[in-house]
Amino acid sequence: MLVILLVGMPGAGKEEFVNAVNGMGFTVVRMGDVVREFVAAQGLPLKNEIVGKIAGSERDKHGVEIWAKRTVEKIKNMNPNKVIVDGVRCPEEVRVYRDELGNGVVVVGIFATQKDRFERIIRRNREDDVHTWEEFIEREERELSWGLGNVFARSDYMLLNTATLDEYHNKVRKLVQELEKEKV
């Protein structure tokens, strides 16, 4: 099984990575969706500060790898051949994926500038996203405090997302084709 773990700061291009491989047979699992499903099941609104608070409190109660464990459960129930996991945040999560899903797990780091990422987030206007620069910085600090920078620095592969969308999509497809040859 090929499992691609995507890591990047909010707005870096994880969703566009997924869009680029649409039609290539990947099952996509978003860790953020697992968190949002949990929050919604509690009857709470999907606002950035609430989602972040619940995500953090579940990490405090059950360990920092709780969302990876819940996501792995979801993946195993689907039994896919090729998976993309969007939203890995800490080294402990990577360890859970590698322990549970085997040596077909690779980490792909996606980089974009802070300015570009903020502008993308404002444009996409997701319900649980930030809406001001101050909220953006606060979210970045929270995500970095979870260890995202450590996972990013240790990525198996790195993509730079600062060119056009078409160029980025082409880079993504080329990398994924190489990974498929190696891992599947």
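Just so it is clear, none of the values below were taken in a lab; they were calculated from the coordinates. Because the structure is predicted, anything quoted here is derived from the model rather than measured. Every residue, glycine as well, gets a Cβ built from its backbone with ideal geometry; the counts of neighbours run over all protein chains shown.
Each Cα pair under 8 Å and six or more residues apart adds its sequence gap; the mean of these over the residue count of the chain is a relative contact order of 37 percent. When all alpha carbon pairs of the stretch 42-184 are counted in 5 Å bins from zero, the resulting P(r) reads 2, 8, 15, 19, 20, 19, 13, 5, 1 %. Neighbours of Arg30, meaning other residues whose beta-carbon lies under 11 angstrom from its beta-carbon, give a summed charge of -1 when Lys and Arg score +1 and Asp and Glu score -1. Can you say what percent of the DSSP beta bridges in the stretch 2-183, counting only those with both residues inside, are antiparallel? Round to 5. Around 0 percent antiparallel, to the nearest 5. Length gained on full extension, Glu49 to Glu119: 23.3 nm, using 0.36 nm per residue less the C-alpha separation. One chain, two ends: Asn150 and Leu165. Fully extended at 0.36 nm per residue, the span grows by 2.7 nm beyond their Cα-Cα distance.
Electrostatic tally near Val72: other residues with Cβ closer than 13 Å to its Cβ, Lys and Arg +1, Asp and Glu -1, net 0.
GNM remark for the chain: springs join alpha carbons under 10 Å apart, and the peak mean-square fluctuation among Phe38, Phe26, Phe17 falls on Phe38. The stretch 1-56 and the stretch 110-184 have Cα centres separated by 12 Å.
Near Asp116, within a Cβ-to-Cβ distance under 13 Å, what is the net charge of the other residues, with Lys and Arg +1 and Asp and Glu -1? Taking every other residue near Asp116 into account, the sum is +3. Residue exposure proxy: Lys14, Lys61, Lys47, Lys74, ordered by other Cβ atoms within 10 angstrom of their Cβ from fewest to most, comes out as Lys61, Lys47, Lys74, Lys14. Checking every one of the GluC sites (Glu not before Pro) in the stretch 93-152 against DSSP loop status and a limit of 12 other Cβ atoms within 10 Å picks out Glu127.
Helix content alone sets the calculated 222 nm mean residue ellipticity of the chain: runs of n ≥ 4 DSSP H residues at -39500 (n - 2.57) each, divided across all residues, give -18000 deg cm²/dmol. Size check on the stretch 1-121: the Cα extents along the three principal axes, sorted descending, read 34, 34, 25 Å. Charge dipole (Cα centre; +1 on Lys/Arg Cβ, -1 on Asp/Glu Cβ; no other charges) of the chain amounts to roughly 380 debye.
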